[in-house]
1. Between GLU71 and ASP49, 0.36 nm times their residue separation minus their Cα-Cα distance comes to what?
2. Quick one: if you stick a label point 7 Å off each Cα along the C-beta vector at GLU59 and GLU79, how many nm between them?
3. Taking just the C-alpha trace of the chain, give me its Rg and Dmax in Å.
4. Whole number in Å², please: accessible area per residue of the chain, 1.4 Å probe, ligands, DNA and RNA not counted.
5. For the chain, find the longest principal axis of its Cα atoms and tell me its angle to the long axis of helix 57-68, 0 to 90°, nearest 10.
6. What is the percent carbon and sulfur in the accessible area of region 1-55, measuring with a 1.4 Å probe over the protein chains and ignoring ligands?
Amino acid sequence: MSNGKPTPAELDLSDVKWVVSSYSGGGGDCVKIGVKDGFALVGDTKNPDRPPHVYTPSEARAWLQGAKAGEFDFLLDLE
């Protein structure tokens with residue numbers, strides 16, 4: 001475990017309860033979010049075998065607060 005944050009390979013992901021946004025349209029065109037051992041996980045629904053990104057609670061909190069404040073709204077204009 002480097003810097004107190006595990007790599008995906010260091011986590012047993014078999015029991016993670018993944019959540020997919022209701023905005024994905026059901027086409028697998030979204031990210032999935034889960035939690036394991038206090039770390040936030042972000043995975044790709046189109047590539048389920050690809051390891052998820054692992055974030056500390058403070059990293060996840062900072063991103064979510066920024067998203068709620070509209071800091072990443074420019075992503076809504078991507079096509």
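The values are calculated or read from the model by the stated rules, or taken from the named source; none is laboratory data. Just so we're clear, the structure is a prediction, and the values are computed from it rather than from any experiment. Note that we place each Cβ from the backbone using ideal geometry, even for glycine, and neighbour counts take in every protein chain shown. Accessible surface areas use protein heavy atoms only, side chains included; no ligands, DNA or RNA. Shrake-Rupley method; radii C 1.70, N 1.55, O 1.52, S 1.80 Å.
1. Details: separation 22, 0.36 × 22 = 7.92 nm, distance 3.02 nm.
This chain segment gains 4.9 nm when fully extended.
2. 3.3
3. Rg and Dmax of the chain, Cα atoms, are 13.5, 37 Å.
4. Details: 6040 Å² over 79 residues.
Value for the chain: 76 Å² per residue.
5. Orientation of helix 57-68: about 0 degrees from the principal axis.
6. Details: 2040 of 3840 Å².
Taking all protein chains in place, region 1-55 shows 53 percent carbon and sulfur surface.
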